[in-house]
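The values are calculated or read from the model by the stated rules, or taken from the named source; none is laboratory data. The model shown is predicted, which means the values in this text are computed figures rather than measured ones. For neighbour counting, all protein chains shown are included, and Cβ atoms are generated from backbone atoms with ideal geometry for every residue, glycine included. Ligands, DNA and RNA are stripped out before the accessible areas are found, and what is left, the full protein with its side chains, is counted by its heavy atoms. Shrake-Rupley method; radii C 1.70, N 1.55, O 1.52, S 1.80 Å.
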Amino acid sequence: MHISAAGYSQTVTFSGKNVPLQTVFSSIEKQTGLSFFFNYTLIRNTKPVTLDVKDASVDAVLHTVLQEAGLDFYIKGKTIFIIGRHTDAATSTIIIGDGDGSVIMVTGKVTDEHGQVLAGASVSVKNGKEGTLTNEKGIFVLKKVAPDAVLEISFTGYKLTEVHVAGEKGMLAVQLPLANGILDAPQVIAYGTTSDRLSTADVTVVKAADIAMQPVDNVLQAIEGRVPGLFITQSSGLPGASYTVQIRGQNSIQNGNAPLYVVDGIPYPSEMLINMSPGGGNPLDFINPLDIESVSVLKDADATAIYGSRAANGAILITTKKGSGGKTRLDLNVQQGAGKTPLRVQWMDTPEYLAMRHSAFNNDNVPATVANAPDLLYWDTTRYTNWQKTLINGAARYQDAQANLSGGNANTQYMLSGNYHRETTVFPLVGSNQNGAVHISISNSSADQKFKLTATGNYMVNNRNLPAADLTPAINLAPDAPPVRNADGTLNWANSTWGNPIASTLAQYRGQTNNLVSNILISYQLLTGLNIKSSLGYSNMQTTEISTNPIAAQNPAYAPLGSANFTNNNIHDWIAEPQATYNIKLGAHKLDALLGSTFEESTSLGQILYGGNYTSDELLTDPLAAPFQAVNSYTYSEYKYNAAFGKIN
C-alpha cells in the first residue's frame, strides 16, 4: 500500500508526456494536501499518460488519467481512494459462474462490529494476485476469482479476517473485529479494569506468561526489572529472604516505604509481623507465583485516591487465575534445577596476605600480638583455605511441580491446581524451604447472563528448616585461619582466637506458615447498564517459629547456656465491598459511574517467647514439649492492631 500527505491548494497544474500514474498522484498530493490510498496491483500494469492542464480541478484531472486505465476513485475527507471501475456493486448479487464456472465474480460489503462502513479496506485473494479496496460504501468487487478461494480482508486497527467463498450466495457481509493490540490488554485496577489505551493513570501490568518463565518462589522476583520505577532488593540469597520494595524511591524516613498489597481485592500484609527467619521473610512467599494471572502496579495518585493513605507508597494488585470454558484440560509443569554462586572474589593467597598484614603493622608502627594478630603469631601460616569454596560452593537444589485442571461451559468454568516447591541453600549443610499450595476457582453465570458468581481460594502450607545464620560474611576470613573442626569432630575454637564460621550451622531455625486467601464476587444486572455487586473476602496467615542456639554451637570457654526463641503470629482480615455500577453510551462517548463502600477489619496478634539458660542441649531436642521448664528468665510480648472501619464513596 502507498500512503502520503501534503497540501497547499485545491486546483492542479501539471504537464507531462508518457509519465506513470504515480507521478501524477505525487504532483496532486504536493499541490492539494490530499493523500492517495491504493493497491499497487491496480496501477502496476497501467499505461503511461500524457497530461497538460493548468488550474484544473482534482476531479477533472483524475477522471482524465484514470478513464483509459479502467480505474475509478472516490474522495473521503482528505484521502483519495483508487479503485477498480465496476457497476453499482450494491445491487450486484453475482457470485457464481461466468460460463464454465472456472472463475467467479465476488461482491461484498465490509463493516465494523457496529455496522459502520469501512471504506478503503483491503480485500485480496489469499495466495493470489487479485486484490482491491472497498469504496466509500464499504463495497468491493473481485472478478475472476476461483470458486474455492479464500479472501483476506484487513483494515488498520482491525483483525485480519478470512472469508471462504465456497458455498456463499449473494453479497458477502463481512464484519471486522477490533484488533486487541498491546494497548488493549486488560489492566486490573481497583474496582474494575482498564487498558493502556484508555487509562489515565500510571499502571504497569506483568502477565502470567512472564511470571511462569522464571523459576522463583516469590512473585516479587518475577516482576523485578519489569516495572519502571519499582525497586526490589532481596536481603540475601537464602530461600524466603526478605525484600525491600519501593515504588518511585523512598517516601518516608520512619513510617515505612512498603506499598500496599491487594490479592483478589483483599488487602494483604506487606511485612511479616514478627519474624526470626534468617532471611527475614516476606508475606508474598505464601502466594504461589504460578497461580497468579497478573500483577498491576499503581504508582501515582490513582492508588491513594482509592485506597487512601495506606497506599501512599503505591499499590501492587495481584489477581489469581480463573477457570476458562472448553473441554477439561490437565496441564503439568515440572521444573528441576540447581543454583550456584555466580561470582568469585579474587582473594590473595597466604604469602600475599601475610605480607600485606606485616606491612600494615609496620606502616602504623603498632606491634603485632596474639590478641590483635592471631593470623600472624598463633595460626599456622602455612595453611591456605579458600573460604568461598568451603562455605558457599554448594549447589542449591530447586524443584517445582504444578498441576492445573480446568474446563467448563458457557455458564460454568472451573480451575483446580496444586503445587509443590522445594529449595535448598548453597551452604554445606542440610536445610530447605518447602511449599505445598492449592488454588481453586469457580465461576458461574445464569442463562441470561444477569447473575454472575466467582469464588476463588488460595491455601499454602510452608515449612522452613534452615540454618540460623547466613555464612556468606565468613568468606572474608584470613586464608591461614584454623580448620573448622578438631580431630575428634568437635568445633575448633583455636583457643578462643576466632569465631568458628560453621558454629551457626548447629543453631537451627524451623518455621511453619499456613496462609489462606479467599474471595467471593456476586453481581446481578438489574437493568441494562445497571449492575449491583458485592465482593466478600477473608484472609488468615498463621506462623509458628522456633529458633534454637544449643551449647554445642558456642565457645565452651565462656560457659555457654542453650537457648530457644518461639513466636506465634496470626494475621486475619475480612472485607466487604458492596457496589453499584452504571454505564451508558452517549453517541461516541461512554459514561461509567460507580457507587460503593468498603467495610474492613484487620487484626494482627504476635507473641514472642524468649527462653534461655538451658543447662544442656537435650532440652532443645523437643522444645515444644516443655519449652520453659528449665528457663530462669524469659519475656513475653504481645502486639495487637485493630483497624477501624473505613468507607470509600
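Assuming R0 = 45 Å, what is the FRET efficiency of residue 150 and residue 520, from their Cβ-Cβ distance, to the nearest 0.05? Please report the intermediate quantities before stating the final value.
Values: r = 47 Å, r/R0 = 1.04.
Efficiency, rounded to the nearest 0.05: 0.45.
Between beta-carbons, use under 15 Å as the cut-off and find the net charge around residue 78, counting Lys and Arg +1, Asp and Glu -1.
Working: positive: 30, 76; negative: 29, 59, 136.
Taking every Cβ under 15 Å from that of residue 78, the sum is -1.
Decide, for region 207-275, between rounded, prolate and oblate: order the square roots of the alpha carbon gyration tensor eigenvalues as a ≥ b ≥ c, take rounded if a/c falls under 1.5, and otherwise choose prolate if a/b is larger than b/c, else oblate.
rounded
Could you list the residues of region 422-454 with an amide nitrogen less than 16 Å from a label point located 7 Å from the Cα of residue 461 in the Cα-to-C-beta direction?
422, 433-439
Find how many whole Å separate the alpha carbon centroid of region 216-269 from the alpha carbon centroid of region 480-541.
Taking the Cα centre of each part, region 480-541 and region 216-269 sit 15 Å apart.
Using a cut-off of under 18 Å, list every residue of region 13-48 whose amide N is near the label point 7 Å from the Cα of residue 54 along the Cα-to-beta-carbon line.
13-17
Please give the solvent-accessible surface of residue 496 in Å², to the nearest 10, using a probe radius of 1.4 Å with every protein chain present.
Answer for residue 496: close to 50 Å² accessible.
Quick one: net charge of residue 226's neighbours, Cβ under 14 Å, K/R +1, D/E -1?
Working: positive: 207, 299; negative: 210, 224.
Result for the local shell: 0.
Summing Lys, Arg as +1 and Asp, Glu as -1, what charge do residues with Cβ under 9 Å from the Cβ of residue 217 carry, residue 217 excluded?
-3
From the phi angles alone, apply the Karplus equation (6.51, -1.76, 1.60; θ = phi - 60°) to region 155-161 and give each ³J(HN,Hα) in whole Hz, x where the residue is Gly or Pro.
7, 4, x, 10, 6, 5, 10
Top to bottom by accessible area (1.4 Å), largest first, where do 379, 347 land? Walk me through the numbers on the way to the answer.
Numbers: 379 30, 347 115 Å².
Largest accessible area first, the list is 347, 379.
What is the calculated FRET efficiency for residue 544 to residue 429, with r their C-beta to C-beta distance and R₀ = 30 Å, to the nearest 0.05?
With a Förster radius of 30 Å, E is 0.85.
I'd like the distance separating the alpha-carbon centroids of region 98-165 and region 563-606, in whole Å.
50
Using per-residue counts of other Cβ atoms within 10 Å, averaged over each peptide, order 148-154, 254-260 from highest down.
148-154, 254-260
Determine the gain in length on full extension of the stretch residue 380-residue 559; use 0.36 nm per residue of separation and subtract their C-alpha separation, reporting nm with one decimal.
Value of the extension gain: 61.8 nm.
Given a Förster distance of 30 angstrom, what is the FRET efficiency for residue 409 paired with residue 605, based on the Cβ-Cβ distance and rounded to 0.05? List each step's numbers first, then the result.
Details: r = 44 Å, r/R0 = 1.48.
The formula returns an efficiency of 0.10 here.
Hey, any idea what the orientation-averaged projected area of the convex hull of region 32-84's Cα atoms comes to, in nm²? If you can, show how the numbers build up before the last one.
Numbers: hull surface 15.3 nm².
For region 32-84, the mean projected area of the Cα convex hull comes to 3.8 nm².
Taking 7 Å along the Cα-to-C-beta vector as the label spot, tell me the residue 236-residue 338 distance in nanometres, rounded to one decimal.
2.3
Work out, step by step, the length gained on full extension between residue 18 and residue 363: first 0.36 nm times the residue separation, then minus their alpha carbon distance; give nm to one decimal.
The span from residue 18 to residue 363 would gain 114.8 nm if fully extended.
Once phi is turned into ³J(HN,Hα) by the Karplus curve 6.51 cos²θ - 1.76 cosθ + 1.60 with θ = phi - 60°, what whole-Hz value does each residue of region 590-599 show in order, with x for glycine and proline?
9, 10, 10, 10, 9, 10, x, 9, 10, 10
Order the following by accessible area, largest value first: 114, 63. Probe radius 1.4 Å; ligands, DNA and RNA are ignored. Write out the running numbers ahead of the final one.
Numbers: 114 140, 63 105 Å².
Greatest to least solvent exposure: 114, 63.
Write down the accessible area per residue of region 529-594 in Å², having rolled a 1.4 Å probe over the full set of protein chains. Spell out each step's value before the answer.
Values: 3240 Å² over 66 residues.
Result: 49 Å² per residue.
What full-extension length gain, to one decimal in nm, is calculated for residue 580 and residue 244 as 0.36 nm per residue of separation minus the Cα-Cα distance?
Full extension of this stretch gives 117.2 nm more.
Can you send over the solvent-accessible area of residue 582, 1.4 Å probe, protein chains only, in Å² to the nearest 10?
Answer for residue 582: close to 90 Å² accessible.
Using a 1.4 Å probe on the protein heavy atoms only, what accessible surface does residue 454 show? Give it in Å² to the nearest 10.
Its accessible surface works out to 30 Å², give or take rounding.
May I ask you to rank 574, 387 by accessible area, largest first, using a 1.4 Å probe over the protein chains only?
Values: 574 85, 387 10 Å².
Final ranking, largest accessible area leading: 574, 387.
Checking the a/c ratio against 1.5 first, then a/b against b/c, what shape does the Cα gyration tensor give for region 253-360?
Taking the square roots of the gyration eigenvalues as a ≥ b ≥ c, region 253-360 is oblate.
Return the Rg/Rh ratio of region 475-600 with Cα-based radii and a Kirkwood Rh.
Using only Cα positions, Rg/Rh for region 475-600 is 1.45.
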